[in-house]
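Notes to accompany the following structure.
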Amino acid sequence: MAMTDTKNVLLAGASGVLGGHIAEALTRSGYHVIGLGRGAGADVTADLMDREQLLRAVDGLEVDAVVHAATALREAPMRHKDMFATDDLRILGTRNLMEAAQELGARRVIAESMVFGYGYRDFGDHVVTEDDPFGAAGDRGVARHIEAMRVKESMMLGTQGIEGIALRFGLFYGPGGTEGIVRLLRDKKLPAVNDHGRVLPWVNLVDAGEAVALAVEGGRAGEAYNIVDDVPTGFGAHVREVAEVFGTPRPMRVPALMMRPMSYAYRMVTAGMRVANAKAKEELGWEPRYPDSAEGLRALAAS
């Protein structure tokens, strides 16, 4: 059921890059955004990991929807341990936020999820859809991350009395995200791995924000949606495209094996995944403004 009467949306992670785009998209759609975070600039100041503090902070609010876009990342994760705090937030922080959503009487909760919940591996020519297993166990190297994504989604989609929707995003690029890659390239600190035919799904941060606004309004409760561009691009190819479009020094091409000491980044850049977005187009009415990240990067540079 469309939530056209929704006015107040509690946004956890509003101070982050994605959170900023979500807030802008919701505001454009006529919603009042209440930012929840640990910083002094938040409308509601609380740590998702602190249940009692969170429940006290939101007491008395009136919201129809809650968006969980909070992470514990300050910069791109390189090693597995860089993801541990975010893994914990996905489990304990989500549990606390869902309790708060129930206390507030929120009807709908939107979860930021990601396509790597399908697995950090090379899927070859198989096109991944929402019907593929998500959060499957068995890969010991990334088991902690996979389990955290599975638990977060299960809580947000399965909490009684809540209309939960999970948005499985591709890798982010665009305003607020690509600038970091540009800086690394200018400082000659980012190589471009050899993709060997592997591709990954990407999504413009502006499009990601729009997807959240659409999910607050529509989509089917209890469902997950892949939010990715139409055309995937290899990680190395994306880095080289950024360098070309923004006129930075050309990155060194290196074999992916050279990234093994950066354990998390290595698993990410050696994955290969073609992901379908047809369900989001049909049920959310979402459409990426650019078919692939190359076109999106050129538009970003031109702006």
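The values are calculated or read from the model by the stated rules, or taken from the named source; none is laboratory data. Keep in mind the model is a prediction, meaning the values are calculated, not measured. Here Cβ is always computed from backbone atoms with ideal geometry, including for glycine, and neighbour counts include all displayed protein chains. These area figures cover heavy atoms from the full protein model, side chains too; ligands, DNA and RNA do not enter into them. Shrake-Rupley method; radii C 1.70, N 1.55, O 1.52, S 1.80 Å.
Quick grid of which residues meet (1) in contact with a helix residue (DSSP H, G or I) (Cβ under 7 Å, 6 or more places away or on another chain); (2) open to solvent by 20 Å² or more (accessible area, probe 1.4 Å):
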{"site": "D82", "(1), (2)": "yes, yes"}
{"site": "A111", "(1), (2)": "yes, no"}
{"site": "Y120", "(1), (2)": "yes, no"}
{"site": "D132", "(1), (2)": "yes, yes"}
{"site": "A166", "(1), (2)": "yes, no"}
{"site": "E179", "(1), (2)": "no, yes"}
| message | For F123, only one of the following conditions fails: (1) closer than 28 Å to S15 by Cα; (2) touching a residue at least 40 places away in the same chain (Cβ under 8 Å). What is its number? | response | (1)
| task | Could you list all residues from region 261-295 that are part of a helix (DSSP H, G or I), under 17 Å from F169 (Cβ atoms) and open to solvent by 20 Å² or more (accessible area, probe 1.4 Å)? | result | M268, A278, K279, K281, E283
| said: Can you tell me which of (1) in a helix (DSSP H, G or I); (2) in contact (Cβ under 8 Å) with a residue 12 or more places away in the chain; (3) surrounded by fewer than 20 Cβ atoms within 10 Å (Cβ to Cβ); (4) within 21 Å of the chain's Cα centre (by Cα) is the one L55 doesn't meet? | reply: (4)
| request: Within region 152-170, identify whether any single residue is under 17 Å from I22 (Cβ atoms) and of a type in the set (F, W, Y), and answer yes or no. | output: yes
| query | Among (1) more than 15 Å from the chain's Cα centre (by Cα); (2) over 30 Å from R260 (Cα atoms); (3) not aromatic (F, W, Y), where does G141 come up short? | reply | (2)
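To keep it simple, each residue is scored yes or no on (1) free of Cβ contacts under 8 Å to residues at least 60 places away in the same chain; (2) in contact with a strand residue (DSSP E or B) (Cβ under 9 Å, 6 or more places away or on another chain).
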| residue | (1), (2) |
| --- | --- |
| M155 | no, yes |
| T159 | no, yes |
| I162 | no, yes |
| G174 | no, yes |
| R183 | yes, no |
| R186 | no, no |
| N194 | no, yes |
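When you scan region 206-231, how many residues do you find that are more than 17 Å from A111 (Cβ to Cβ) and either surrounded by 23 or more Cβ atoms within 10 Å (Cβ to Cβ) or β-branched (V, I, T) (or both)?
Summing the residues that are more than 17 Å from A111 (Cβ to Cβ) and either surrounded by 23 or more Cβ atoms within 10 Å (Cβ to Cβ) or β-branched (V, I, T) (or both) in region 206-231 gives 4.
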| task | Filter region 91-109 down to residues that are open to solvent by 20 Å² or more (accessible area, probe 1.4 Å) and of a type in the set (V, I, T), then give me how many there are. | result | 1
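Here's the yes/no breakdown for (1) farther than 27 Å from E179 by Cβ; (2) of a type in the set (S, T, N, Q); (3) open to solvent by 30 Å² or more (accessible area, probe 1.4 Å):
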{"site": "G16", "(1), (2), (3)": "no, no, yes"}
{"site": "H21", "(1), (2), (3)": "no, no, no"}
{"site": "E24", "(1), (2), (3)": "no, no, yes"}
{"site": "S29", "(1), (2), (3)": "no, yes, yes"}
{"site": "V33", "(1), (2), (3)": "no, no, no"}
{"site": "G37", "(1), (2), (3)": "no, no, no"}
{"site": "D43", "(1), (2), (3)": "no, no, yes"}
{"site": "M49", "(1), (2), (3)": "yes, no, yes"}
| Number of the exception - D88 against (1) modelled with pLDDT of 95 or more; (2) in contact with a helix residue (DSSP H, G or I) (Cβ under 8 Å, 6 or more places away or on another chain); (3) part of a loop (DSSP other than H, G, I, E, B); (4) open to solvent by 40 Å² or more (accessible area, probe 1.4 Å) | (3)
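When you check V63 against the structure, is it under 25 Å from D207 (Cβ atoms), assigned to a loop (DSSP other than H, G, I, E, B) and open to solvent by less than 50 Å² (accessible area, probe 1.4 Å), yes or no? Before you say what the answer is, go through the steps one by one.
Numbers: under 25 Å from D207 (Cβ atoms): yes; assigned to a loop (DSSP other than H, G, I, E, B): yes; open to solvent by less than 50 Å² (accessible area, probe 1.4 Å): yes.
Spelling it out, V63 is indeed under 25 Å from D207 (Cβ atoms), assigned to a loop (DSSP other than H, G, I, E, B) and open to solvent by less than 50 Å² (accessible area, probe 1.4 Å).
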